[in-house]
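Dropping the structure in here first, questions after.
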Amino acid sequence: MDQFVIEGGRPLRGEVEIGGSKNAALPILIATLLTDEPCRLDNVPTRLRDIRTTIRLLESLGKTVAVRGGSVLVSSAGSLKTQAPYEIVKQMRASVLAAGPLLARFGLVRVPIPGGCAIGLRPIDIHLKAFRELGAREIADHGDVILSAAPQLAGGRVRLRFPSVGATEHVMLAAAATPARTIIDNAAREPEIADLAAFLVKLGAKVGGAGGSRVVVEGQRRLRGARHRVMADRIEAGTFLIACAAAGGRLRLRGARGADLAAVIAALKRAGAAVSARGDGLEIEMRGRPRPVSIATAPYPGFPTDLQAPWMALMALASGASIVSEAVFENRFMHAAELGRMGASIGVSGAEAAIAGVARLTGAPVMACDLRAGAALVIAALAAKGRTTVQRVYHIDRGYERLERKLCEVGGRVRRVKR
Ligand code: EPZ
């Protein structure tokens, strides 16, 4: 298992290219199951493990997929299967989204119920309740769920009990191939939802309200192929912003969209960073220690849960005390103990972490336990005095393309050691 060896204590200076969004690309890749015609997706972070897993999922269901750099060409090689393999779903829970398009097109699908992961149980009850309300019947069978809808899914109105990103995307995917009107109330408002909606419209569906709490989809029996450029990864951009706030310096993030990160940028400004829109991206400058800024994660447009761990790493260095509250996932503070090994002073109680900022973190051997916790440890290591080894970098490779190379290009001293 690869490790990162990081020599900390230097500011970040220069320009970073922000890649395509993992969390937009995954549902959009799965949306190619809605049509038998060829699709081309550009600006896809094809080096990411989760993207490779999704490509294997599409191939296992009967698609032919070619990867050309950051472009993915998906075409049909005959009829699609209606059973997603456990071997793939167990690696990446977003694979479950394949059920929607197959159920809508063929009236029957069998998918493994995704297991939990480090940050929580990750149930899909909201997804399944929505499909029942749209006319599907479900049977649990040996770890799988079989969904059927004869003669097909109906349209209708569903209200999500929580604005789940995956459940919103899942219903949109099924509704796009259902020749009726489907209304989703209390829909998630994340920017990735709007990117998926844009692709579904290119396929021939009508989608209104994406980005708001009510999404309306008018589906079509037959959808066409399309080409789409995936949006920039706002979580990667936010990670680099927070890294610069922690290590100091001045960074330009080419391709980053400030509108996707308003809550994070507001918190960074309160912490003392200068953040501004520059040309086709963002620029951040930071001098001295961050001021303490408490945050509570929330569904978009609130502070994103995926940047909670990086924020905690920044607050570990703040000139005072702050509180980080995690309201989206039930177990997303595992990075606190690893940051403590580097000298951070953090107490966790339930959904709250109390952080007493310290003037200096020191390098130490630490272990990534999930994707964003790993990013938090890299951020802490860049700011710390001395050497840090971050173990289990495969977690980080799920969501950050060539992180070590991008950081080295702006003054970070990060080396990947193959184990
Ligand atoms: C998406 O996960 C993202 N993943 C996550 O990013 C992100 O943290 C999350 O949205 C929240 O923004 C992708 O887009 C691939 P949810 P998702 O459904 O869709 C509970 C990363 O680091 N819930 O909005 O799974 C759930 O347990 C990943 O890139 C139910 O209870 O998130 C969680 O507590 C991590 N029942 C909360 O809702 C359900 O049926 C939010 O989950 C569905 C969800």
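The values are calculated or read from the model by the stated rules, or taken from the named source; none is laboratory data. No experiment lies behind these values; they were computed from the predicted model shown. Every residue, glycine among them, receives a Cβ derived from its backbone with ideal geometry; neighbour counts consider all protein chains shown.
List pairs: first residue in the stretch 145-171 and in a loop (DSSP other than H, G, I, E, B), second residue within 16 Å of the ligand (Cβ to nearest atom) and of a type in the set (Lys, Arg) anywhere in the structure, Cβ distance under 6 angstrom, at least six positions apart or on different chains.
Hits for this filter: zero, empty list.
Inspect the stretch 218-234 for any residue being charged (D, E, K, R), touching a residue at least 12 places away in the same chain (Cβ under 8 Å) and closer than 16 Å to residue 282 by Cβ and give the result as yes or no.
Looking through the stretch 218-234, at least one residue is charged (D, E, K, R), touching a residue at least 12 places away in the same chain (Cβ under 8 Å) and closer than 16 Å to residue 282 by Cβ.
Which number in (1) touching a residue at least 60 places away in the same chain (Cβ under 8 Å); (2) crowded, with 24+ Cβ neighbours inside 10 Å marks the one condition that residue 368 misses?
It fails just one condition, (1).
Also, I was wondering about something else. Inspect all residues belonging to the stretch 180-188 and state whether any of them is closer than 30 Å to residue 306 by Cα, in a helix (DSSP H, G or I) and away from the ligand (no atom under 15 Å from the Cβ).
Checked the stretch 180-188: no residue is closer than 30 Å to residue 306 by Cα, in a helix (DSSP H, G or I) and away from the ligand (no atom under 15 Å from the Cβ).
Residues in the stretch 360-371: is at least one within 16 Å of the ligand (Cβ to nearest atom) and of a type outside the set (A, V, I, L, M, F, W, C)?
yes
So how many residues does the stretch 208-223 have that are in contact with a Pro (Cβ under 8 Å, 6 or more places away or on another chain) and surrounded by 23 or more Cβ atoms within 10 Å (Cβ to Cβ)?
Selection size over the stretch 208-223: 1.
Moving on. So for the stretch 225-240 (the condition being under 22 Å from residue 153 (Cβ atoms) and of a type in the set (Phe, Trp, Tyr)), does at least one residue qualify?
no
Identify, from the list 237, 318, 246, 313, the residue that is touching a Lys or Arg at 6+ places or on another chain (Cβ under 8 Å), within 20 Å of residue 377 (Cα to Cα), at pLDDT 95 or above and crowded, with 24+ Cβ neighbours inside 10 Å.
Just one listed residue meets the conditions, 237.
Those residues that are more than 17 Å from the chain's Cα centre (by Cα) and among the basic types (Lys, Arg), I need them from the stretch 237-285; list them, please.
Those that are more than 17 Å from the chain's Cα centre (by Cα) and among the basic types (Lys, Arg): 250, 252, 254, 269, 270, 278.
Take the residues in the stretch 70-110 that are within 16 Å of the ligand (Cβ to nearest atom) and outside any helix (DSSP H, G or I); name whichever of them is surrounded by the fewest Cβ atoms within 10 Å (Cβ to Cβ).
90
If I filter the stretch 234-254 for residues that are hydroxyl-bearing (Ser, Thr, Tyr), within 16 Å of the ligand (Cβ to nearest atom) and closer than 20 Å to residue 411 by Cβ, do I get at least one hit?
Yes.
Out of the residues in the stretch 26-69 that are within 17 Å of residue 174 (Cα to Cα), among the hydrophobic types (A, V, I, L, M, F, W, C) and crowded, with 24+ Cβ neighbours inside 10 Å, which is farthest from the ligand (Cβ to nearest atom)?
34
Can you say whether residue 137 is more than 16 Å from the ligand (Cβ to nearest atom) and among the charged types (D, E, K, R), as far as the supplied structure shows?
yes
Which pairs have Cβ atoms under 8 Å, sit 6 or more apart or on different chains, and link a residue in the stretch 120-133 that is small (Gly, Ala, Ser) to one that is more than 8 Å from the ligand (Cβ to nearest atom)?
Pairs that qualify, where the first residue is small (Gly, Ala, Ser) and the partner is more than 8 Å from the ligand (Cβ to nearest atom), are 120/331; 120/332; 130/158; 130/160; 130/170; 130/171; 130/184.
List pairs: first in the stretch 375-390 and closer than 17 Å to residue 419 by Cβ, second modelled with pLDDT of 95 or more and acidic (Asp, Glu), Cβ under 7 Å, 6+ apart or cross-chain?
377/338; 387/7
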